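The values are calculated or read from the model by the stated rules, or taken from the named source; none is laboratory data. Treat the numbers as computed from the prediction; the structure is a model and nothing was measured. Positions of Cβ are generated from backbone atoms using ideal geometry, with glycine treated the same way; all protein chains shown enter the neighbour counts. In case anyone asks, the SASA skips ligands and DNA or RNA and just uses the protein heavy atoms, side chains included. Shrake-Rupley method; radii C 1.70, N 1.55, O 1.52, S 1.80 Å.
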Amino acid sequence: MKLTKIASMVLVAGATVCTFTHCTSDAKDKKGQNGVKGADSTIATEEEVTTITPVDSAKYNELVKANANGDTTGKWPVKNQPIPLDGAILPFKRIVCYYGNLYSKKMGALGEYEPKTMLNMLDKEVAKWNKADPSTPVQPALHYIAVVAAGDPGKDGKYRNRMPFKHIDSVLTIAKMRKNMIVFLDIQVALSTIQAELPLLEKYLMMPNVHLGIDPEFSMKGGVLPGRKIGTYDASEINYVSGYLANLVKKYNLPPKVFVVHRFTKKMVTNSQNIKLRPEVQVVMHMDGWGEPDLKLGTYRHFIYSEPVQFTGFKLFYKNDLKKAPNRLMTPEELVKLKPRPIYIQYQ
């Protein structure tokens, strides 16, 4: 499918019925700009070798407890979670990433800026986090929307666009411009299903440096179109995904996969108490809402803190978070005071 055709079909963003509107918006044909040409012209001279570090179970438990940040409610740290397989990223490192899509300047920094500019910006955020919490080294990452909810039904009527593999390849090439950078592929299923979309990305997910995100906001049920209301995933669907990832980890002898689930309302994730934890997969419940600091903190408290799963994340919007007073982004120093401390940070 030609670039202009796909770009014209990407969804104009966000569920307008919600307090927070975010994620996808106004994708345009950029004909190789902001990542595509830049990525293809920057080829890594050497293949990076993935080193799988053995997990010290005592250290893992110590860090998980420290990450609870003094919570006394009994919710955190999460009880009876499995010790991960060797090579686990969390909680030994904090992931700090840029989010976006190569077709759009409005979906996030990944896609809004040329690769070198974007990576230099990310370097500065990484430095801020390393300074705010020296005890938790930063793992830099790119989080690419590989399946995008759309305003056009497409040939199969599923209202989603699968990004061309050459764009995913470009993001992987951009990631090679920084040592040991990892990549997330994100899925917005719209009227499709996660069971239909996930296997199509297996050739990437079998790579040790590629991880996964799914977006309940655009997981539509009952034929409702994306953007008309906020979608949802049940624990059973999340368990399908973690089971699929666990099988890949075992089949290809991979380090554990980090699995990010976006959330900013209660109904976006149902039956969270039934989400299954596995040593092969590290689950992050990610606070995905935008707004002023008090609003974001309330969302984190009500929908992330109050329904513990395993690890937590927090999203920062360069533009939308500035719309209301005090018109500023929350700082790493503020976020490391949260209970629990978010171990996955995403900038859009």
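Values for this structure:
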| item | result |
| --- | --- |
| Pairs with Cβ under 8 Å, 6+ apart, first in region 69-95 and farther than 26 Å from residue 253 by Cβ, second of a type in the set (Gly, Ala, Ser) and surrounded by fewer than 15 Cβ atoms within 10 Å (Cβ to Cβ) | 75/306 |
| Residues of region 298-337 classified as touching an Asp or Glu at 6+ places or on another chain (Cβ under 7 Å), of a type in the set (D, E, K, R) and crowded, with 16+ Cβ neighbours inside 10 Å, total | 1 |
| Single condition residue 127 does not satisfy, out of (1) outside any loop (DSSP other than H, G, I, E, B); (2) touching a residue at least 12 places away in the same chain (Cβ under 8 Å); (3) open to solvent by 10 Å² or more (accessible area, probe 1.4 Å); (4) of a type outside the set (Phe, Trp, Tyr) | (2) |
| Qualifying helices (runs of 4 or more DSSP H) (wholly inside region 17-115; at least 2 residues being modelled with pLDDT of 50 or more and farther than 26 Å from residue 267 by Cβ) | 57-67, 109-112 |
| Qualifying positions in region 53-63 - surrounded by fewer than 15 Cβ atoms within 10 Å (Cβ to Cβ) and not acidic (Asp, Glu) | 53, 54, 57, 58, 59, 61 |
| Region 294-307 residues that are under 13 Å from residue 284 (Cα atoms), paired with ones that are crowded, with 18+ Cβ neighbours inside 10 Å and of a type in the set (Gly, Ala, Ser) (beta carbon under 7 Å, 6 or more apart) | 307/272 |
| Residue in region 196-204 that is modelled with pLDDT of 95 or more, over 30 Å from residue 280 (Cβ atoms) and either in contact with a helix residue (DSSP H, G or I) (Cβ under 7 Å, 6 or more places away or on another chain) or open to solvent by 50 Å² or more (accessible area, probe 1.4 Å) (or both) present | no |
| Residue within region 275-287 that is within 17 Å of the chain's Cα centre (by Cα), among the polar types (S, T, N, Q), open to solvent by less than 50 Å² (accessible area, probe 1.4 Å) and closer than 28 Å to residue 202 by Cα present | yes |
| Considering residues of region 208-224 that are in contact (Cβ under 8 Å) with a residue 12 or more places away in the chain and open to solvent by 10 Å² or more (accessible area, probe 1.4 Å) only, the residue nearest to the chain's Cα centre (by Cα) | 209 |
| Which numbered condition residue 188 misses (of (1) open to solvent by 10 Å² or more (accessible area, probe 1.4 Å); (2) under 14 Å from the mean Cα position of the chain (by Cα); (3) of a type in the set (S, T, N, Q)) | (1) |
| Test: residue in region 92-100 that is open to solvent by 60 Å² or more (accessible area, probe 1.4 Å) and more than 14 Å from the chain's Cα centre (by Cα) | yes |
| Verdict on residue 269 being touching a strand residue (DSSP E or B) at 6+ places or on another chain (Cβ under 8 Å) and under 30 Å from residue 180 (Cα atoms) | no |
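Here's the yes/no breakdown for (1) open to solvent by 10 Å² or more (accessible area, probe 1.4 Å); (2) closer than 30 Å to residue 188 by Cα; (3) in contact with a strand residue (DSSP E or B) (Cβ under 7 Å, 6 or more places away or on another chain); (4) among the aromatic types (Phe, Trp, Tyr):
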{"residue": "65", "(1), (2), (3), (4)": "yes, no, no, no"}
{"residue": "75", "(1), (2), (3), (4)": "yes, yes, no, no"}
{"residue": "115", "(1), (2), (3), (4)": "no, yes, no, no"}
{"residue": "155", "(1), (2), (3), (4)": "yes, yes, no, no"}
